[in-house]
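Below you'll find the structure, written out as structure tokens, and then a few comments.
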Amino acid sequence: MAHLCGLCLALRDDHGQLARTVTNYDGLVVSVLVEAQSTVPARRTAGPCPLRAMQPASVAQGDGARLAASVSLALASAKISDHVADGDGVFGRRGVSQAARRVANRWAAQGARTGERIGFDTAVLLDAVGQQPAVESSLVRGDSLLMATHPTETAAAAAFAHTAILSGRPQNVTALSEAGKLFGRIAHLLDAVEDLEEDRATGAWNPLLATGTTREEARRLCDDAMLGVRLALREAEFTDSKLIHVLLAHELDHAIKRAFGDVHGPGNGHSHGHPGGPQYPQQPPPPYQQPPGKKPNRKERREDKRRDWHQQGWQRPNRSWGAACGIALFMFCTCQYCCGNPYHDPWTGEPKEGWCYNCDCCDCCDCCNCDCCDGCDCCDCSC
């Protein structure tokens, strides 16, 4: 969240409020990479924000956030231009396409200005993504699927490699360039797999359909690229690699599993069912046994916390019904009902836990049994 907020605020500070709409999770990876290689993290305290329930927070700043902003603007510009060129949906309308093209040009110029401040040439990204239409039109059935992913790989490799320059670790350029190349390959393939059925139904261009590549072959390419990302990260030197390991070694693997429909399948990012990969035996699940030290559910946690609040003493506010309604509306619009911990009931003043705070809607992640690195300390995470 520190990097996501830092990216958003960097976009706002340099290019205005509209630029914040290009904030995305892919862009913040480069911000994380810069901090992971830096000796002293560049952080600052940001003021209240509605998306943080009007709470201040420590956020990333400096060259890492600016690089993330530059990459996000350049890629958003390229994506809109691609939609306009393909005439997708509303972008096929003349008025919309003209407005979208102007927005894309403005974002490209803004990304270039930000990149220039930190020595990053966004033309590498724009040129690489600009090659995509020509590459797509040249592909025929039987061609390699990797021909379609090459522009994305080039763009991601350039962004990843520049994080080493900004961090003062030029020895990491080669390893991170390789990691970025494979990250771009996975991102492109997952997008193609997720859109496959829709593209098949609408007749839109899809690299798997254009080259006649099966989902099984696409999965093999993703698994091989995932292994390559892990090996490349081992070659790089980091000050603190925990977060980047979670994002690129675990979350990227989970993204592959989700796209191919086996998010709960065995393994931790290695090859699944193709030559060269480990084979996982199918074993029936053991009968359920309730553990002796069962973790309390959300309702029990809420009751425990409420008792603590009562013991600490809370006072009922002396306010009218109308004033309480106004405060309730303000709290709802600023997400305090969702994310506050605690928020205070406008009528009674009683502390209550936010709806989405500490939710138990999913099981604990399985990163603790990974074998992708030596001496990984991600096992003490509380995710």
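Could you say whether any residue in the range 132-143 is among the β-branched types (Val, Ile, Thr), touching a residue at least 24 places away in the same chain (Cβ under 8 Å) and under 30 Å from residue 37 (Cβ atoms)? Quick ask: steps written out before the conclusion?
Restricting attention to the range 132-143, the residues satisfying the condition of being among the β-branched types (Val, Ile, Thr) are 135, 140.
Retained after the next criterion (residues that are touching a residue at least 24 places away in the same chain (Cβ under 8 Å)): 140.
Pick out the ones that are also under 30 Å from residue 37 (Cβ atoms) and you get none.
No, there is no match, as no residue in the range 132-143 is among the β-branched types (Val, Ile, Thr), touching a residue at least 24 places away in the same chain (Cβ under 8 Å) and under 30 Å from residue 37 (Cβ atoms).
Which residues, taken from the range 134-186, are charged (D, E, K, R) and more than 24 Å from residue 223 (Cβ to Cβ)?
Looking only at the range 134-186, we keep the residues that are charged (D, E, K, R), and these are 136, 141, 143, 153, 169, 178, 181, 185.
Residues satisfying the conditions are 136, 169.
Just for the range 161-220: of the residues that are of a type in the set (Ser, Thr, Tyr) and in a loop (DSSP other than H, G, I, E, B), which one is surrounded by the fewest Cβ atoms within 10 Å (Cβ to Cβ)? Reasoning before the result, please.
In the first step, residues of the range 161-220 are kept if they are of a type in the set (Ser, Thr, Tyr); the result is 163, 167, 174, 177, 202, 211, 213-214.
Applying the additional criterion that residues be in a loop (DSSP other than H, G, I, E, B) yields 167, 213-214.
Working: 167: 22, 213: 22, 214: 10.
Ranking the qualifying residues of the range 161-220, first place goes to 214.
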Study note, to complete from the structure: Checked pairs for the range 25-52, first more than 27 Å from residue 330 (Cα to Cα), second aromatic (Phe, Trp, Tyr) and assigned to a helix (DSSP H, G or I), C-beta under 9 Å and 6 or more apart or across chains, list as 26/183; 29/160; 29/183; 30/160; 33/160
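Readers should treat all values here as calculations from the given coordinates under stated rules, not as data from a laboratory. Just so it is clear, the structure is predicted and the values come from calculations on it, not from any experiment. No Cβ is skipped: glycine too gets one built from the backbone with ideal geometry, and neighbour counts run over all protein chains shown.
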